[in-house]
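Novice: Below you'll find the structure I mean.
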Amino acid sequence: MFTGIGLVAFCCIFGASVAGLFLGRLLPRDHHERPTQKTVQAVMSIVGLLAALVLGLMVASAKSNLDTAAREVEQFSSGLILLDREAAHFGAETAPIRDLLRLFTEEKIAQTWGTSANTIADHLRTVAMLDDIQERLRAFSVQSDADKLARKAALRLVADLKLNSRLLAVQQDNRTPRAFWFVIVFWLSALFLSFALFAPSNATVVVALVVASFSVSAALNLIVDMDHPFAGYIHVSKAPMEQALSQMKP
């Protein structure tokens, strides 16, 4: 289940807990007195508060990115369908344009939900396809006012698709800075070390620390998934794009 930061967080947090249990045995007897415990707990409560605040901000930011990406995909798929219908308005003469649009849609699905590491090259290739569609529409000969309006609407849709295509590419590269993850994992590890420092070394405590470490690490893993809207366990569905592609069949 864990990938990347989730696995690292679990190893660090549970490792700090185990270290706390061993360090607790090495502390002098007077360090186990109630005043010392209360002081450590009061100090670490500040760290706990900071960790809670930062985690809350990270969850809100990741959820916002996920929702934004979902809306962009819906808008993008709607634009593809509308552009295909505008092109279909001209009949068989725009069949090459519609074929190119279907090819672009297939490429965009593979690019967005695929595993390619060269996202810049993929984005440039799909943008070039949109440029080709745009040039073909501009060169298309129209006579009636209705055809002129249809071509104008199609060109406007192409411009919108270029913008949304860029936004989707940016969403793929949108990441929480690593410094945030380093700091939050450090804070959580310090918290768990302080919890275990004065805890008795028995099976019940160890199981509780394992469960808590796993739960916190799983939460971090979910935040990472939401921060990567097109990959992971929680991701934006590609169903709208696939539905658009199915509706663009000749």
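Novice: Considering each of Ala179, Ala196 in turn, give the residue that is without any contact (Cβ under 8 Å) to a residue 60 or more places away in the chain and either in contact with a Ser or Thr (Cβ under 8 Å, 6 or more places away or on another chain) or among the small types (Gly, Ala, Ser) (or both).
Specialist: Among Ala179, Ala196, only Ala179 is without any contact (Cβ under 8 Å) to a residue 60 or more places away in the chain and either in contact with a Ser or Thr (Cβ under 8 Å, 6 or more places away or on another chain) or among the small types (Gly, Ala, Ser) (or both).
Novice: Considering only the range 66-101, how many residues are more than 29 Å from Ala231 (Cα to Cα), surrounded by 15 or more Cβ atoms within 10 Å (Cβ to Cβ) and hydrophobic (A, V, I, L, M, F, W, C)?
Specialist: 4
Novice: Name the pairs: first residue in the range 25-44 and in contact (Cβ under 8 Å) with a residue 40 or more places away in the chain and under 11 Å from Ser194 (Cα atoms), second residue surrounded by 10 or more Cβ atoms within 10 Å (Cβ to Cβ) and not hydroxyl-bearing (Ser, Thr, Tyr), Cβ to Cβ under 6 Å, at least 6 apart or on different chains?
Specialist: Pairs that qualify, where the first residue is in contact (Cβ under 8 Å) with a residue 40 or more places away in the chain and under 11 Å from Ser194 (Cα atoms) and the partner is surrounded by 10 or more Cβ atoms within 10 Å (Cβ to Cβ) and not hydroxyl-bearing (Ser, Thr, Tyr), are Gln37/Phe198; Met44/Leu191.
Novice: Does the range 191-250 hold any residues that are assigned to a helix (DSSP H, G or I), closer than 22 Å to Ala62 by Cβ and of a type in the set (D, E, K, R), and which are they?
Specialist: Scanning the range 191-250 gives Asp225, Asp227.
Novice: A further question follows. Taking the stated definitions as given, is Ala51 over 19 Å from the mean Cα position of the chain (by Cα), farther than 30 Å from Arg102 by Cα, surrounded by fewer than 15 Cβ atoms within 10 Å (Cβ to Cβ) and among the small types (Gly, Ala, Ser)?
Specialist: Judged against the criteria, Ala51 is not a match.
Novice: Being in a helix (DSSP H, G or I) and more than 17 Å from Asp160 (Cβ to Cβ) is the filter here, so list the residues in the range 70-99 that pass it.
Specialist: Ala70, Ala88, Gly91, Ala92, Glu93, Thr94, Ala95, Pro96, Arg98, Asp99
Novice: Now for a separate question. So, in the range 165-200, exactly how many residues are of a type outside the set (A, V, I, L, M) and modelled with pLDDT of 85 or more? Quick ask: steps written out before the conclusion?
Specialist: To start, the set of residues in the range 165-200 that are of a type outside the set (A, V, I, L, M) comprises 165-166, 171-178, 180-182, 186-187, 189, 192, 194-195, 198, 200.
Checking which are modelled with pLDDT of 85 or more leaves us with 181-182, 186-187, 189, 192, 194-195, 198, 200.
Counting residues in the range 165-200 that are of a type outside the set (A, V, I, L, M) and modelled with pLDDT of 85 or more gives 10.
Novice: What's the total number of residues in the range 213-230 that are free of Cβ contacts under 8 Å to residues at least 60 places away in the same chain and either of a type in the set (Gly, Ala, Ser) or touching a helix residue (DSSP H, G or I) at 6+ places or on another chain (Cβ under 6 Å) (or both)?
Specialist: 1
Novice: Look through Ala9, Ala62 and report the one residue that is modelled with pLDDT of 90 or more, farther than 20 Å from Phe198 by Cβ, of a type in the set (A, V, I, L, M) and surrounded by 14 or more Cβ atoms within 10 Å (Cβ to Cβ).
Specialist: Only one candidate qualifies: Ala9.
The values are calculated or read from the model by the stated rules, or taken from the named source; none is laboratory data. None of the values given here were measured: they were computed from a predicted structure. A quick note on method: Cβ atoms are made from the backbone with ideal geometry, for glycine too, and the neighbour counts reach across all protein chains shown.
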